[in-house]
1. Just give me the residues in the stretch 105-130 being under 12 Å from the mean Cα position of the chain (by Cα) and surrounded by 17 or more Cβ atoms within 10 Å (Cβ to Cβ), in sequence order.
2. Return the total of residues in the stretch 131-153 being at pLDDT below 95 and open to solvent by 10 Å² or more (accessible area, probe 1.4 Å).
3. I'm trying to understand the selection: among the residues of the stretch 1-11, which are at pLDDT below 85 and open to solvent by 90 Å² or more (accessible area, probe 1.4 Å)?
4. Of the residues that sit in the stretch 54-87 and are exposed (fewer than 13 other Cβ atoms within 10 Å of the Cβ) and closer than 19 Å to ARG7 by Cβ, which one is modelled with the highest pLDDT?
5. Return the pairs, sorted by first residue and then second, in which the second residue is of a type in the set (Phe, Trp, Tyr) and at pLDDT below 90, the first residue lies in the stretch 82-109 and is under 21 Å from LEU17 (Cβ atoms), the beta carbons are less than 6 Å apart, and the residues are 6+ apart or on different chains.
6. I'm checking my understanding of the structure. Among residues of the stretch 21-32 that are open to solvent by 40 Å² or more (accessible area, probe 1.4 Å) and not small (Gly, Ala, Ser), which one is nearest to the chain's Cα centre (by Cα)?
7. Among what's in the stretch 33-53 and is among the small types (Gly, Ala, Ser) and over 18 Å from the mean Cα position of the chain (by Cα), pick the residue that is surrounded by the most Cβ atoms within 10 Å (Cβ to Cβ).
8. Applying the selection to the stretch 106-126, what residues are within 16 Å of VAL138 (Cβ to Cβ) and outside any strand (DSSP E or B)?
Amino acid sequence: MATYVSRQWAWQNSIALGALAFAAVACGVAFTVADTWLETPWIAVASIAILVACACIPLTITVAPAGVHVSLGGVLKRDIPAADIASVTVASYRPMREFGGWGWRFGLHDKRARAYTVTGSTALVLTLHDGGKVYLGVADDRKCAEALAQVTA
């Protein structure tokens, strides 16, 4: 039984949406200039469809009695047992500078840090007993922190 569930989409991040839209338009222009539409239209259509689909990938974070489950599009998954969580804080951070952007990320400067976020610059930071840190971008920091407090108590 889940105590908190957050689902966010890549299209909610204006920077990511702008980059994906720019890439889709650039593909369309490149395919037009190279006459790919006529020679192999399936490649052009598939390329643009993949870019559009990237905006529809959900990041789901579930807090349950067993711990935290993170899923990006149902493909990338991570379970963090409640027993592994030492502390929980809400923190501001710089996704581009610290992780190279949003998504399923590894820390650029802190190699033990991981980020699972699609929007914003605040996150719940789980400090693990092994010293690692996990940044969770959730829809409601307060509700998720309350759920984690119950789970880790």
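1. ARG105, ARG114, ALA115, TYR116, THR117, VAL118, THR119, GLY120, ALA123, listed by residue number.
2. Number satisfying all stated conditions: 14.
3. Within the stretch 1-11, MET1, TRP11 qualify.
4. LYS77
5. Qualifying pairs under 6 Å: PRO95/TRP102.
6. Restricting to residues being open to solvent by 40 Å² or more (accessible area, probe 1.4 Å) and not small (Gly, Ala, Ser), the top hit is PHE22.
7. Here the answer is ALA44.
8. If we filter the stretch 106-126 for residues that are within 16 Å of VAL138 (Cβ to Cβ), which is where we start, we get 114-126.
Scanning the stretch 106-126 gives VAL118, THR119, GLY120, SER121.
The values are calculated or read from the model by the stated rules, or taken from the named source; none is laboratory data. Note that this is a predicted model, so its numbers are computed, not measured. Cβ sites come from the backbone with ideal geometry, for glycine too, and all protein chains shown count toward neighbours. Side chains are part of the model used for accessible areas, which takes the heavy atoms of the whole protein and leaves out ligands, DNA and RNA. Shrake-Rupley method; radii C 1.70, N 1.55, O 1.52, S 1.80 Å.
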